[in-house]
Amino acid sequence: MIKSVPEIDFHAGMECYSTNFAGINGTIKETNEEFQVSEIIDYAFLKPPNFSPVQNNEHRFPLYLLEKHNIDSNHAVIEIKKQSGLKLRIMGIKDAKAETSQYASSEQTKNLPKYITTPKTKLNLLGFLRIPLSKSALIGNSFKIKINQTSANNIQPFLLELNKIANFYGLQRFGSERMVTHLVGKALLEGNYNKAIEYLLSYTTKYDSKFSKEIREQSRDPNNYQKLIKIMPKGMDLERLILYALVEGKDSIAVLRSVPINIRRLFFQAYQSYVFNKCLSNALLSNEDIQKCKDGDLCFEIEKPLVFGKIRKFREGIDSNNDVMPAIRLVGYNYQPGKNRFDHITKRILSDENILPSYFYLKDLQELSLQMGFRQTLLCCSEFSHFDMLDLSFKLPKGSYATVLLRELIKPVDPIKAGF
């Protein structure tokens, strides 16, 4: 295990690597075509009796295929709604710096467009479902990725460690180069809404351009709001919404609600993810074996590649580690820690952060309240293959990040410059 990581990884709670492989260096996402992602869906949802190619009384809800580039999934949904009025429901969030294909549904059942194009998206009607698509239909994602400018081409030692990769949340979860979403989330948990707004408007990092830093610095002064609204670039659409609300004199809760709900929820989720990353890092740095369950651990039953079944306590002497996967509780307002090794770590992190699980329920912003969840300790990559060491293809379970695998393979000195 390598303990020295880039500063930005550390800020995301990824405080070490889970493999000893030295890394091949290199860059990713030099073009969108070099990072392709396609959702893997439970095909039962695409067959009768769940699916029909035509709409009828039993199959009323549309199923779309959404293809996009140069835009993240949340903004793609917003772009489509602005153009057509169609409100889509998606199962997973895909990064902007990629060519992606994912499924989408809607509760709208009348006047449904068969095909929509926007500057960065294509939406095609596939057929109709009995019920709107839910996250339970998503199994995982398939990736095709090209790595450029490597300094080494022997990845055989890495392949021997492929099953050791920790299931960290990747940098995208936290805003990548801005690395701010979990900071906003913590401010909300603390009930400090003005601080959350300040983070959204004025927080900067070394990766911000000079122009961006100037805008964010000026946003600290309310006298500049009107001027900034006019000069803000398109990439600062959320900041513009916040400024409009501030100019209108809205209170802090109304200002925060000016941010679309699907993006607003990411703030709590990012802080939950940060605590998970910290827990997993602490476990690795304490030389805990995250590949095998120990007595007292929670575990997922492994149904098949990419698919996890019910979660329960590991039964030492009865269960085989080949049939189960260690699981970690994700903190939420109903979080009740057990006595296993991961719960002890999570409790210590929350204490250091001065955060109580009950904080994840917000009376003022109830729509953001977040329950406890569970997440597996390992990335669980399947069907990994490579061509000339630079062209990769593999599959991951839902919620796992390709960039976490690539981080272990490349070991980038500067993740943002390397395309992460």
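The values are calculated or read from the model by the stated rules, or taken from the named source; none is laboratory data. Bear in mind that the values here come from a model prediction, so they are computed numbers and not experimental data. Counting neighbours? That spans all protein chains shown, and the Cβs are built from the backbone with ideal geometry, glycine included. To get the accessible areas, we keep the full protein, side chains included, count just its heavy atoms, and leave off ligands, DNA and RNA. Shrake-Rupley method; radii C 1.70, N 1.55, O 1.52, S 1.80 Å.
Over all other residues within a Cβ to Cβ distance under 13 Å of residue 136, the charged ones net out to +2, with Lys and Arg as +1 and Asp and Glu as -1.
Amide H contacts of residue 26: 151, each under 5 Å away and 5 or more positions distant or on a separate chain (H built 1.01 Å from N in the peptide plane; Pro and chain starts excluded). Per residue, the accessible area of the stretch 68-153 comes to 50 Å² when a 1.4 Å probe rolls over the protein heavy atoms. Which of the three applies to the chain, rounded, prolate or oblate, going by the alpha-carbon gyration tensor with a ≥ b ≥ c and a/c under 1.5 meaning rounded? Since a/c stays below 1.5, the shape of the chain is classed as rounded. Among 42, 221, 237, the largest mean-square fluctuation in a Gaussian network model of the chain, built with springs joining Cα atoms closer than 10 Å, belongs to 221. Straight-line cross-link partners of residue 81 among the lysines, defined as a Cα under 26 Å from its Cα and at least 8 positions apart when in the same chain: 68, 94, 97, 110, 114, 120, 122, 135, 230, 234, 250, 398. Here the sum of -39500 (n - 2.57) over DSSP H runs of 4 or more residues, divided by the residues of the chain, equals -8500 deg cm²/dmol at 222 nm, to the nearest 500. Using a cutoff of 8 angstrom between alpha carbon atoms and counting only pairs six or more residues apart, the relative contact order for the chain works out to 22 percent.
The heavy atoms of residue 134 present about 40 square angstrom of accessible area, all protein chains included, probe 1.4 Å.
If you roll a 1.4 Å probe over the chain with all protein chains in place, what percent of the accessible area is carbon or sulfur? Percent of accessible area from carbon and sulfur atoms in the chain: 49.
Result for the chain in a Gaussian network model with C-alpha springs under 10 Å: among 366, 172, 36, the largest mean-square fluctuation is at 366. Please state the shape class of the stretch 325-383: rounded when a/c is under 1.5, otherwise prolate if a/b exceeds b/c and oblate if not, all from the C-alpha gyration tensor. The shape class here is oblate. Report the residue, chosen from 94, 230, 250, that carries the largest GNM mean-square fluctuation when the chain is represented by alpha-carbon nodes joined by springs under 10 Å. Highest fluctuation among the options: 230.
Can you bin the stretch 35-151 into rounded, prolate or oblate? Criterion: square roots of the alpha carbon gyration tensor eigenvalues sorted a ≥ b ≥ c, rounded for a/c under 1.5, prolate for a/b above b/c, oblate for the rest. Cα axes put the stretch 35-151 in the oblate bin.
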